[in-house]
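Visitor: My structure is below; once you've seen it, I'll send some questions.
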Amino acid sequence: MPRIVRGALVQASWTGDKESMIQKHEERAHEAAKQGAQFILFQELFYGPYFCQVQDTQYYSYTELIPDGPTTKRMQDLARQTGMVVVAPMYEEDEQASGIYYNTAAVIDADGKYLGKYRKTHIPHVKGFWEKFYFRPGNLGYPVFETAVGKIGVYICYDRHFPEGARALGLNGAELVFIPSATSRGLSEYLWRIEQVSHALANGYFVGTINRTGIEPLGDDDFYGQSYFVDPRGQFVGAVGDAHDEELLVRDLDFDCVQEVRQTWQFYRDRRPEAYGDLVRP
């Protein structure tokens, strides 16, 4: 029997406050569950605006502990209610050191069990993306989580410009990699349908990627949506999300495709790590 996994992506716009933003995502999750989805991904920093368009200490107030903060607990309840794996990107305060913050995604299994987290590794600091003001680079490596639907990894927004972490996730066994993002129309839209597709092709796994929509109060550029799933052959699974409007994307992924592609294109077998030393020089 084919190994079909039904997944969901939530492409959303900012509501104006944290609580209504969380409620919106909870509602979309219940909608996805009614459609038979087995996992769901939320967008980068899902319960807030993309505040990195400015540098302002007031936005430190969006931080929470993971997993001991209230939103992680709420996402665990959501997973139990819906029976779905939930991947929830949030603004994390380090549990060991107050004042140290990360751009993080919590991974929760379908029974509500907290499995772990990924902290965004590559942190930009350019006009409109002042992230070094808010986040320390991640220090947890590239974990892959054994979930009810399979082996999943996470890579966050700016990470997608770096193939090294995408390859590390594949080497660590990922069958599906989530790439939640908040990226605006003026800078990288032309890359959006290239980079994540390339990661899927080069590593033989599915990618589910989200971009938010709309114009937020802190910036002039709008977020261009176009969330999608892509398979290990580099083909979009169903239509790409709308470029302007909110959308819940629910798609069926044939996980048998992962093994089929890896047995056809032997990219892992034919790697030459002994020849790549120059790539890791500072």
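Visitor: Within the range 212-229, does at least one residue satisfy the condition of being more than 30 Å from Gln55 (Cβ to Cβ), surrounded by 14 or more Cβ atoms within 10 Å (Cβ to Cβ) and in contact with an Asp or Glu (Cβ under 6 Å, 6 or more places away or on another chain)?
Guide: If we filter the range 212-229 for residues that are more than 30 Å from Gln55 (Cβ to Cβ), which is where we start, we get 228-229.
Applying the additional criterion that residues be surrounded by 14 or more Cβ atoms within 10 Å (Cβ to Cβ) yields 228-229.
After this cut, where a residue has to be in contact with an Asp or Glu (Cβ under 6 Å, 6 or more places away or on another chain) as well, the list is none.
No, the range 212-229 has no match at all.
So that you can scan it fast, the table gives a plain yes or no per residue for (1) closer than 26 Å to Gly99 by Cβ; (2) out of contact with any Phe, Trp or Tyr (no Cβ under 6 Å at 6 or more places or on another chain):
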{"site": "Arg6", "(1), (2)": "no, yes"}
{"site": "Leu9", "(1), (2)": "no, yes"}
{"site": "Ala32", "(1), (2)": "no, yes"}
{"site": "Pro49", "(1), (2)": "yes, no"}
{"site": "Val54", "(1), (2)": "yes, yes"}
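Visitor: Oh, and also: Suppose the filter is on the phi < 0 side of the Ramachandran plot, surrounded by fewer than 14 Cβ atoms within 10 Å (Cβ to Cβ) and either assigned to a helix (DSSP H, G or I) or touching a residue at least 60 places away in the same chain (Cβ under 8 Å) (or both); does Gln55 pass it? Before the answer, list the steps.
Guide: On the way: on the phi < 0 side of the Ramachandran plot: yes; surrounded by fewer than 14 Cβ atoms within 10 Å (Cβ to Cβ): yes; either assigned to a helix (DSSP H, G or I) or touching a residue at least 60 places away in the same chain (Cβ under 8 Å) (or both): yes.
So Gln55 fits the description; yes.
Visitor: Any idea which of (1) farther than 26 Å from Ile66 by Cα; (2) surrounded by 20 or more Cβ atoms within 10 Å (Cβ to Cβ) is the one Val126 doesn't satisfy?
Guide: Here Val126 clears every test but (2).
Visitor: Would the range 146-159 turn up any residue that is among the basic types (Lys, Arg) and either within 26 Å of Ala12 (Cβ to Cβ) or modelled with pLDDT under 95 (or both)? Walk me through it before giving the result.
Guide: In the first step, residues of the range 146-159 are kept if they are among the basic types (Lys, Arg); the result is 151.
In the following step, the residues that additionally are either within 26 Å of Ala12 (Cβ to Cβ) or modelled with pLDDT under 95 (or both) were identified as none.
So far as the range 146-159 goes, no, none of its residues is among the basic types (Lys, Arg) and either within 26 Å of Ala12 (Cβ to Cβ) or modelled with pLDDT under 95 (or both).
Visitor: Another one. Got at least one residue in the range 241-264 being under 28 Å from Leu140 (Cα atoms) and polar (S, T, N, Q)?
Guide: The answer is yes; a qualifying residue exists.
Visitor: Kindly evaluate Ile179 against the criterion of being part of a strand (DSSP E or B), aliphatic (A, V, I, L, M), modelled with pLDDT of 95 or more and touching a strand residue (DSSP E or B) at 6+ places or on another chain (Cβ under 8 Å). Quick ask: steps written out before the conclusion?
Guide: On the way: part of a strand (DSSP E or B): yes; aliphatic (A, V, I, L, M): yes; modelled with pLDDT of 95 or more: yes; touching a strand residue (DSSP E or B) at 6+ places or on another chain (Cβ under 8 Å): yes.
Answer is yes for this residue.
Visitor: Considering only the range 196-253, state which residues are over 20 Å from His25 (Cα atoms) and basic (Lys, Arg).
Guide: Arg233
Visitor: Could we say that Leu191 is under 17 Å from the mean Cα position of the chain (by Cα), surrounded by fewer than 19 Cβ atoms within 10 Å (Cβ to Cβ) and part of a helix (DSSP H, G or I) here?
Guide: Values: under 17 Å from the mean Cα position of the chain (by Cα): yes; surrounded by fewer than 19 Cβ atoms within 10 Å (Cβ to Cβ): yes; part of a helix (DSSP H, G or I): yes.
Considered against the rule, which asks whether it is under 17 Å from the mean Cα position of the chain (by Cα), surrounded by fewer than 19 Cβ atoms within 10 Å (Cβ to Cβ) and part of a helix (DSSP H, G or I), Leu191 comes out as yes.
Visitor: Oh, and also: Just to be sure I understand, how many residues within the range 247-278 are touching a strand residue (DSSP E or B) at 6+ places or on another chain (Cβ under 6 Å) and of a type in the set (Asp, Glu)?
Guide: 3
Visitor: Examine the range 14-35 for a residue that is without any contact (Cβ under 8 Å) to a residue 60 or more places away in the chain, closer than 30 Å to Phe255 by Cα and part of a loop (DSSP other than H, G, I, E, B), and state whether such a residue exists.
Guide: Checking the range 14-35: not a single residue is without any contact (Cβ under 8 Å) to a residue 60 or more places away in the chain, closer than 30 Å to Phe255 by Cα and part of a loop (DSSP other than H, G, I, E, B).
Visitor: Hey, among the residues in the range 58-67 that are in contact with a helix residue (DSSP H, G or I) (Cβ under 6 Å, 6 or more places away or on another chain) and not in a helix (DSSP H, G or I), which one's surrounded by the fewest Cβ atoms within 10 Å (Cβ to Cβ)? Show your work before the answer.
Guide: At the first step, the residues of the range 58-67 found to be in contact with a helix residue (DSSP H, G or I) (Cβ under 6 Å, 6 or more places away or on another chain) are 59, 64, 66.
Keeping just the survivors that are not in a helix (DSSP H, G or I) gives 64, 66.
Numbers: Glu64: 19, Ile66: 24.
Among those residues, the one meeting the criterion is Glu64.
Visitor: Within the range 234-267, how many residues are in contact with a Gly (Cβ under 8 Å, 6 or more places away or on another chain), in a loop (DSSP other than H, G, I, E, B) and under 18 Å from Ile152 (Cα atoms)?
Guide: Of the residues in that region, 1 qualify.
Visitor: Restricting to the range 158-188, count the residues that are closer than 30 Å to Arg272 by Cβ, in contact (Cβ under 8 Å) with a residue 60 or more places away in the chain and surrounded by 21 or more Cβ atoms within 10 Å (Cβ to Cβ). Steps first, please.
Guide: Narrowing the range 158-188 to residues closer than 30 Å to Arg272 by Cβ: 158-179.
Add one more test, that the residue is in contact (Cβ under 8 Å) with a residue 60 or more places away in the chain, and what stays is 164, 170-171, 175-176, 178.
Filter again for surrounded by 21 or more Cβ atoms within 10 Å (Cβ to Cβ), leaving 170, 175-176, 178.
Number of matching residues: 4.
Visitor: Can you pull out every residue in the range 199-233 that is at pLDDT 95 or above, among the aliphatic types (A, V, I, L, M) and part of a strand (DSSP E or B)?
Guide: Passing the criteria: Val207, Ile210, Val230.
Visitor: Let me ask something additional. Can you name every residue in the range 1-25 that is among the charged types (D, E, K, R) and more than 17 Å from the chain's Cα centre (by Cα)? Full working, then the answer.
Guide: Looking only at the range 1-25, we keep the residues that are among the charged types (D, E, K, R), and these are 3, 6, 17-19, 24.
Within the range 1-25, Arg3, Asp17, Lys18, Glu19, Lys24 meet the criteria.
Visitor: Are there any pairs with C-beta distances below 7 angstrom linking a residue in the range 64-91 that is of a type in the set (D, E, K, R) to a residue that is modelled with pLDDT under 95, with the two at least 6 apart or on different chains, and if so which?
Guide: Note: pairs meeting the criteria are Asp68/Glu95.
The values are calculated or read from the model by the stated rules, or taken from the named source; none is laboratory data. Predicted, not measured: the structure shown is a model, and the values here were computed from it. When we count neighbours, we look across all protein chains shown, and the Cβ atoms used for this are built from the backbone with ideal geometry, even at glycine.
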